[in-house]
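Note sheet for the following structure.
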Amino acid sequence: MTDQYPPPYPPYGGPPPGYGYPPNYGPPPDNNMVWAILSTVLCCLPLGVVAIVKAGQVQSLWFQGFHAEAQKAAADARKWAMWSAISVGILLLLYIIFFVVLSAIGISAIGWSS
């Protein structure tokens, strides 16, 4: 008489039929933590903190099996770090423009008084 249930152990030579091997996704993506920390320290603090949080999520999401979410978190960390650096560049440009306009006003005021 045959058994109604399969044996509790895998057969010799491989996994039990119907299960197969899990897919190999390779190593986790680069989490961009270095760029996130540098953008926090050297650039815009609020945007850099968001980049650090997103970069911290990459490893845990990857090893939990959420590979698409880990890829998105890595891309978001890079995006937030980039916007942090860009925002500092824009603020420096506005700062320079402000002082150029201020000095032009000062020079024109000196020219009017003499």
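The values are calculated or read from the model by the stated rules, or taken from the named source; none is laboratory data. Everything numeric in this text was worked out from a predicted model, so none of it was measured. So basically every Cβ, Gly included, is an ideal-geometry build from the backbone, and we count neighbours across all protein chains shown. These accessible areas exclude ligands, DNA and RNA; they are computed on the full protein's heavy atoms, side chains included. Shrake-Rupley method; radii C 1.70, N 1.55, O 1.52, S 1.80 Å.
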Any chance segment 54-74 includes a residue that's among the β-branched types (Val, Ile, Thr) and surrounded by 15 or more Cβ atoms within 10 Å (Cβ to Cβ)?
-> yes
In segment 37-53, how many are under 11 Å from ALA85 (Cβ atoms) and surrounded by 14 or more Cβ atoms within 10 Å (Cβ to Cβ)?
-> 8
Any pair with Cβ under 7 angstrom, 6 or more apart, that starts in segment 97-111 at a residue that is modelled with pLDDT of 90 or more and ends at one that is loosely packed, with under 10 Cβ neighbours inside 10 Å = none
Please work out if LEU92 is open to solvent by 60 Å² or more (accessible area, probe 1.4 Å) and more than 12 Å from TRP35 (Cα to Cα).
-> yes
